[in-house]
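I have placed the structure first, in the form of structure tokens, so that the comments after it can refer back to it.
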Amino acid sequence: MTELLFQDNIALIGFMGVGKSTVSHYLRDQYSMDEVETDAMIVESENMAIRDIFEKYGEPYFRDCEARAILKLLDCRRTVISCGGGAVMRRENVENLKKSSRIVLLAAEPETILNRVRHSDSRPILNGHMNVEYIAELMEKRRTAYEAAADWMVSTDGKRVEEICEEIVQKLNGMVREKET
Ligand code: S3P
């Protein structure tokens, strides 16, 4: 296990299918961090699958649950926070995440995303829109918010999870050293 220098949380943001969960699990295991997924918090608090929450109560209700989940994370330390793909579209969520986390944007090409999510029906935003054009369009609509929220971005296309996490940890440790000098 590698020693971590930083105490901050790492909040992973980015479009559905960029690899947030995979990266999050790896960081948790390699660096003995705690891990939370905002979607999992919502499923637990609502006792319902995300798909069912969208269907029964609609997206605004889901977004309120998401904001409440993020608020609960203010006191976490050394935790990887894997955020639902739409979480940083709300400014208050970004402000709350920034209070305790470095925010890392994971990015991938629309084709890569489609390959990763095409067989899943658990993402209501993409149900009925499983094609590159729709993904590219939605990604573009979200791009400014993603980039504005992020401390920095890591592309995941064609990279192994080890490489992605190495990039994240090196960057974070570099930031800590900069702050100390
Ligand atoms: C969403 C992404 C999903 C989940 C919900 C909405 C989005 O999370 O929060 O289906 O709006 O991008 P993942 O990014 O983990 O798939």
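The values are calculated or read from the model by the stated rules, or taken from the named source; none is laboratory data. Just so you know, these numbers come straight off a predicted model, no measurement behind them. All Cβ positions, even for glycine, are placed from backbone atoms using ideal geometry, and neighbour counts span all protein chains on display. Heavy atoms of the whole protein, side chains included, go into the accessibility calculation; ligands, DNA and RNA do not. Shrake-Rupley method; radii C 1.70, N 1.55, O 1.52, S 1.80 Å.
Per residue, the chain exposes 53 Å² of accessible surface when a 1.4 Å probe is rolled over the protein heavy atoms with every protein chain present. Between Asp151 and Ala67, the contour length at 0.36 nm per residue exceeds the alpha carbon distance by 28.2 nm. Counting Lys and Arg as +1 and Asp and Glu as -1 over every other residue whose Cβ lies under 15 Å from the Cβ of Val161, the net charge comes to -2.
Distance from the alpha carbon centroid of region 104-154 to that of region 23-38 works out to 22 angstrom.
Rounded to the nearest 20 debye, the dipole magnitude of region 1-100 is 260 debye, with +1 charges on Lys and Arg beta carbons, -1 on Asp and Glu beta carbons, and the Cα centre as origin. For the residue pairs Lys72/Lys179; Lys98/Lys171; Lys20/Lys171; Lys159/Lys179; Lys98/Lys179, the alpha carbons lie more than 19 Å apart in Lys72/Lys179; Lys159/Lys179.
Computed over all pairs of different Cα atoms, the Kirkwood value for the hydrodynamic radius of region 9-180 is 16.4 Å. Leaving out ligands, DNA and RNA, what percent of the accessible area of region 35-107 is carbon and sulfur, probe 1.4 Å? Carbon and sulfur together cover 47 percent of it. With a sphere of radius 12 Å drawn around the Cβ of Cys76, what net charge do the other residues whose Cβ falls strictly inside it have (Lys, Arg +1; Asp, Glu -1)? With Lys, Arg at +1 and Asp, Glu at -1, the neighbours total 0. Relative to the Cα centre, the charge distribution of region 9-180, modelled as +1 at Lys and Arg Cβ and -1 at Asp and Glu Cβ, gives a dipole magnitude of about 360 debye.
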